[in-house]
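Undergrad: Quick one: structure below, then a few questions.
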Amino acid sequence: MRSAAHFLSRVCTGAISVLRRPPLLLPYLSLLVRLYATSVLLLPGPCDAPIIFYEDKNFQGRSYECSSDCSDLSSHFSRCNSIRVESGNWILYEHTNYKGYQYYLRRGEYPDFQQWLGFNDSIRSCHLTTQHRGPFIIKVYEKEDFRGQMMEFTEDCQCVFEKFRYHDIHSCNVLDGHWMFYEEPNYKGRQYYLRPGEYRRYTNWGANSPRVGSFRRVQHVY
């Protein structure tokens, strides 16, 4: 790294003298641009940490920075009581290997686990969702195996009963985008992350009952 930077410095110094000889200027500057681009690629960039976990409330105590999926966070911290999300949409899990309670976090600050509707201070795995730029489409059904009353949604739904006239969703088909189901209205209660695909019964999205009070799109915030 030092030798490359030193060489680039010498090239820059030489470029100044070349300015006095216009016929040689353009080829020399072209070489300079290529060398500069190469040296920039070699330079270490800033730490990319879209999410930061803290053991204590209000961003105190031991912390861990993460920028990608992790199936086991237990070696990095023993508990999690506050989180900063610098970018992206994250699904956090109570247990390792993406199991247990699920929590959807967007960019922002969460000074205690109640802020992400946590049931406890255990976060043991995390998933960074893919960025979806197209439409969001989900079909929900009154009964299992896509039977009974059906309704299609393209927007968030704050209260399922008001729109669907049922408290329960027994099956669904996610056609586009990623979604979060919430057990209670107003995006509260247990959460369930749904990728595109068919869910023939509520157990397919990890629920113990078909109760769905609200749901929303997993959208990136800029």
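The values are calculated or read from the model by the stated rules, or taken from the named source; none is laboratory data. Quick caveat: nothing in here was measured; it's all calculated off a predicted structure. We place every Cβ from the backbone using ideal geometry, glycine too, and count neighbours over all the protein chains shown. When the accessible area is computed, the model is the full protein with side chains, heavy atoms only, and any ligands, DNA or RNA have been set aside. Shrake-Rupley method; radii C 1.70, N 1.55, O 1.52, S 1.80 Å.
Undergrad: Among the residues of the stretch 209-222, count how many are assigned to a loop (DSSP other than H, G, I, E, B) and either modelled with pLDDT of 95 or more or buried (at least 18 other Cβ atoms within 10 Å of the Cβ) (or both). Reasoning before the result, please.
TA: Step one: filter the stretch 209-222 for residues assigned to a loop (DSSP other than H, G, I, E, B), giving 209-210, 212-213, 218-222.
Remaining after also requiring either modelled with pLDDT of 95 or more or buried (at least 18 other Cβ atoms within 10 Å of the Cβ) (or both): 209-210, 212-213, 218.
Final tally of qualifying residues: 5.
Undergrad: Going through the stretch 39-71 one residue at a time, which ones are open to solvent by 70 Å² or more (accessible area, probe 1.4 Å), in a loop (DSSP other than H, G, I, E, B) and either in contact with a Phe, Trp or Tyr (Cβ under 6 Å, 6 or more places away or on another chain) or at pLDDT 95 or above (or both)?
TA: Matches in the stretch 39-71: 69 only.
Undergrad: Another question, if that's okay. Can you tell me which residues in the stretch 176-206 are in a strand (DSSP E or B) and open to solvent by 70 Å² or more (accessible area, probe 1.4 Å)?
TA: Selection gives 184, 188, 198.
Undergrad: Here's something else I'd like to know. Just checking, does the stretch 127-145 include any residue being under 24 Å from residue 209 (Cβ atoms), touching a residue at least 40 places away in the same chain (Cβ under 8 Å) and not in a strand (DSSP E or B)? Talk me through it step by step, then tell me what you get.
TA: Taking the stretch 127-145 first, the residues under 24 Å from residue 209 (Cβ atoms) are 127, 138-145.
Then drop every residue that is not touching a residue at least 40 places away in the same chain (Cβ under 8 Å), which leaves 127, 138, 140, 144-145.
Right, trim to not in a strand (DSSP E or B) and you get 144-145.
Checking the stretch 127-145: at least one residue is under 24 Å from residue 209 (Cβ atoms), touching a residue at least 40 places away in the same chain (Cβ under 8 Å) and not in a strand (DSSP E or B).
Undergrad: Right, next: Can you say whether residue 122 is more than 17 Å from residue 181 (Cα to Cα) and modelled with pLDDT of 95 or more, as far as the supplied structure shows?
TA: Yes: the conditions hold for residue 122.
Undergrad: If you don't mind, another one. Given the residues 144, 155, which is the only one that is of a type in the set (Asp, Glu) and buried (at least 16 other Cβ atoms within 10 Å of the Cβ)?
TA: Sole residue among the options that is of a type in the set (Asp, Glu) and buried (at least 16 other Cβ atoms within 10 Å of the Cβ): 144.
Undergrad: Right, residue 163: touching an Asp or Glu at 6+ places or on another chain (Cβ under 7 Å) and over 19 Å from residue 193 (Cα atoms) or not?
TA: Values: touching an Asp or Glu at 6+ places or on another chain (Cβ under 7 Å): no; over 19 Å from residue 193 (Cα atoms): yes.
Here the answer is no, as residue 163 does not meet what is asked.
Undergrad: Is it the case that residue 75 is assigned to a loop (DSSP other than H, G, I, E, B), surrounded by fewer than 17 Cβ atoms within 10 Å (Cβ to Cβ) and without any contact (Cβ under 8 Å) to a residue 24 or more places away in the chain? Break it down into steps so the answer makes sense when it comes.
TA: Numbers: assigned to a loop (DSSP other than H, G, I, E, B): yes; surrounded by fewer than 17 Cβ atoms within 10 Å (Cβ to Cβ): yes; without any contact (Cβ under 8 Å) to a residue 24 or more places away in the chain: yes.
Yes.
Undergrad: For the structure I just gave you, tell me whether residue 204 is modelled with pLDDT of 95 or more, of a type in the set (S, T, N, Q) and under 15 Å from residue 135 (Cα atoms).
TA: Against the criterion (modelled with pLDDT of 95 or more, of a type in the set (S, T, N, Q) and under 15 Å from residue 135 (Cα atoms)), residue 204 does not qualify.
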